[in-house]
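Q: Below: one structure in structure tokens.
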Amino acid sequence: MSFFSQAWAIVRKDLVTELRGASTIVSMVLLGLLVVLVFNFGVEPGTASASLARSGVLWSAFLFSGVIAVGRSFASEKEAGCMDGLLLCPVDRGVIYLGKLIGNLILVFATGLIILLFWTAIYNVGIGGAWFGLLLLLVLATIGMSTLGTLFAAVAAGVRARDALLTVFIFPLLIPLVIGAAHMSTMLLSGKTLGEAGMWPWILVVYDVVFLAVSFMVFDFVVED
Amino acid sequence: MTTRGAESEVAGSAESLEAPTVAAAVLVRNLRKDYGHHEALRGVDLRLDPGTFLTIFGPNGAGKTTFMKVLSTLTRPTEGIVHVGGKDVVKDAPEVRKRVGVISHNTYLYAQLTGLENLEFYAGMYRVPNGRQRALSLLKRMDLFTRMDDRVGGYSRGMQQRLSVARALLHDPELLLLDEPYTGLDQHASRVLAEVLQGLRDGTRTVIMTTHNIQEGLSGCDRVAILVEGQFVYDRRVADIDTSSFQHTYFTCVHEELPEED
């Protein structure tokens with residue numbers, strides 16, 4: 001098996017495990033939908049404040065549900081010592097990181113898509129011509145969230161208070177991503193294009209590339225005992 | 001610190017280290033491992049010829065699991081040389097991993113996958129040629145063939161441990177590390193596992209086992225060592241000792257301390 005087919009074997013294993021257990025994806029979707037729903041009662045529909053708040057609601061829901069996914073990705077490996085089982089295999093550590101990352105990308109993107117659709121229905125958002133831009137934004141946010149989350153989930157996996165530790169580490173680092181995504185989605189929904197969003201799309205691209213590169217470089221040290 | 005009752009026997013261990021007639025399956029020189037200020041291993045030496053079955057006894061916290069982790073590349077030594085099949089566990093870690101199989105009280109199995117899926121997954125990770133055939137063959141050998149399509153979460157502890165043995169043998173390792181494999185097993189499951197482990201002795205595969213159970217530990221091994229506070233204080237061939245009094249020897253090694261040397 002090649003580097004990529006071994007990484008894919010990890011993705012397949014993670015997805016099969018998740019679909020059979022279904023605990024993570026159910027938690028992610030429910031939390032995301034609840035955040036969207038609860039915030040809906042806090043703003044008066046049709047007002048200017050509702051228009052401004054809705055983008056923040058979307059990306060907050062995405063953030064909270066995404067953290068559940070990345071947090072579980074390594075926690076599940078700790079059961080029955082499976083993380084050690086993986087580390088004992090003669091595979092490049094990059095294979096393990098890539099496999100875990102792709103698994104998280106799929107879960108986070110799928111959940112983000114469900115939240116996005118629910119959000120458009122609850123807030124009565126007319127996406128119109130902005131759907132492509134929003135989808136691209138979702139892809140960029142998913143990459144950023146999964147890249148960073150996968151790395152920090154590996155750091156936190158061996159710690160007793162891993163959930164608290166993960167959120168403490170990851171939320172501050174994800175702030176630029178969430179602000180950028182919220183800002184751009186507001187612009188897109190007001191009829192502007194990504195080209196008119198200034199540096200924001202590039203900030204997200206650079207954010208993704210930098211954390212992807214750093215994660216690949218340091219993952220070996222992170223999983224070292 | 002050393003141990004009064006075991007002093008001469010430790011010398012016997014040193015003697016065996018000076019007789020490298022064949023290439024060592026495992027060679028350890030002055031191995032030290034620190035976790036912060038805690039010294040888990042304090043200058044461990046060991047040489048094992050291919051095909052040797054070594055059982056390591058020791059109380060909790062003696063460093064047995066740390067020693068196994070170093071041999072399996074799960075943790076790096078702080079100091080010293082550790083070679084498995086002539087490969088350095090730090091510089092040639094991927095090569096060492098190809099040669100080592102590990103069975104511990106953790107099964108390393110995914111509860112949501114079936115027995116066959118677990119083995120196929122690990123066969124892929126070890127790049128085992130004809131992984132599915134190898135997995136099926138091992139499932140038959142471990143008497144799990146009829147349950148191979150059941151999820152591992154539904155297996156008994158004994159069945160999981162037998163599947164764990166199959167997982168560790170997938171890539172036909174030269175060195176098998178058994179880290180307290182009997183933990184959590186009932187008497188029947190322990191006996192079945194002991195039979196399975198005995199079946200692995202083919203004269204070429206080197207086995208190192210750690211255990212607290214003296215009876216199971218002495219059964220079938222040809223060398224026995226005692227690790228106390230990060231040091232081997234006893235190391236003998238089983239043929240040279242009186243196994244009936246080994247329990248007394250063990251307690252002497254663990255509990256009696258020599259006065260500090262001048």
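FYI, it's all coordinate maths here, none of it is from the lab. Note that the coordinates shown come from a computational prediction; the quantities given were computed from them, not determined experimentally. Methodologically, a virtual Cβ is constructed for each residue, glycine included, from the backbone with ideal geometry; neighbour enumeration extends over all protein chains shown.
Q: Roughly what angle does helix A:93-122 make with the longest principal axis of chain A, taking Cα atoms, 0 to 90 degrees, to the nearest 10?
A: 20 degrees
Q: When only alpha-carbon atoms count, how far does the protein assembly as shown stretch along each of its three principal axes, as whole angstroms with the largest first?
A: Result for the protein assembly as shown: principal-axis Cα extents of 89, 58, 37 Å.
Q: With a point put 7 Å past each Cα toward its Cβ, work out how far B:Arg42 is from B:Leu136 in nm, to one decimal.
A: Here the modelled spin labels are 5.4 nm apart.
Q: Hey, how many Å between the Cα centroid of the stretch B:123-193 and the Cα centroid of the stretch B:38-109?
A: Value for the Cα centre distance between the two parts: 21 Å.
Q: A further question follows. Quick one: if you stick a label point 7 Å off each Cα along the C-beta vector at B:Arg29 and A:Leu37, how many nm between them?
A: Between B:Arg29 and A:Leu37, the label points sit 6.8 nm apart.
Q: Follow-up question, since we're still on this one. Give me the log10 of I(q) over I(0) for the stretch A:3-222 at q = 0.07, 0.14, 0.17, 0.18 Å⁻¹, as the Debye formula computes it from C-alpha points; what are the numbers?
A: Scattering profile of the stretch A:3-222, log10 relative to I(0): -0.22, -0.84, -1.17, -1.28.
Q: So how far, in whole Å, is the C-alpha centre of the stretch A:153-225 from the one of the stretch A:45-110?
A: Answer, in whole Å: 11.
Q: Based on the Cβ-Cβ distance of A:Phe132 and A:Val210, what FRET efficiency does E = 1/(1 + (r/R0)^6) give at R0 = 25 Å, to the nearest 0.05?
A: That pair, A:Phe132 with A:Val210, gives E of 0.50.
Q: By the scheme Lys and Arg +1, Asp and Glu -1, what is the net charge of all other residues having a beta-carbon under 11 Å from that of B:Leu113?
A: -1
Q: Under 20 Å from a label point 7 Å along Cα→Cβ of A:Val16: give me every residue in the stretch A:68-98 with its amide N that close.
A: Correct set: A:73-91, A:95-98.
Q: Subtract the Cα-Cα distance of B:Gln247 and B:Arg127 from 0.36 nm times their separation in residues, and report this length gain in nm to one decimal.
A: 38.9 nm
Q: Other chains near A:75-87: what is the mean number of their Cβ atoms within 10 Å of each residue's Cβ?
A: Partner Cβ neighbours, averaged per residue: 6.
Q: Work out the mean other chain Cβ neighbour count within 10 Å for the residues of B:103-109 and drop it here as an integer.
A: 5
Q: Applying 1/(1 + (r/R0)^6) with R0 = 25 Å to the Cβ-Cβ distance of B:Gln215 and B:Phe145, what FRET efficiency is obtained, to the nearest 0.05?
A: Once rounded, the FRET efficiency stands at 0.25.
Q: Among all lysine pairs in the protein assembly as shown that are eight or more places apart or on different chains, how many have alpha carbons less than 24 angstrom apart?
A: The number of close lysine pairs in the protein assembly as shown is 24.
Q: Across the residues of B:164-171, average count of Cβ atoms on other protein chains within 10 Å?
A: Other-chain Cβ atoms within 10 Å of each residue's Cβ, averaged: 1.
Q: For the pair A:Ile179 and A:Glu44, what calculated FRET efficiency results from E = 1/(1 + (r/R0)^6), where r is the Cβ-Cβ distance and R0 = 22 Å, to the nearest 0.05?
A: The formula returns an efficiency of 0.35 here.
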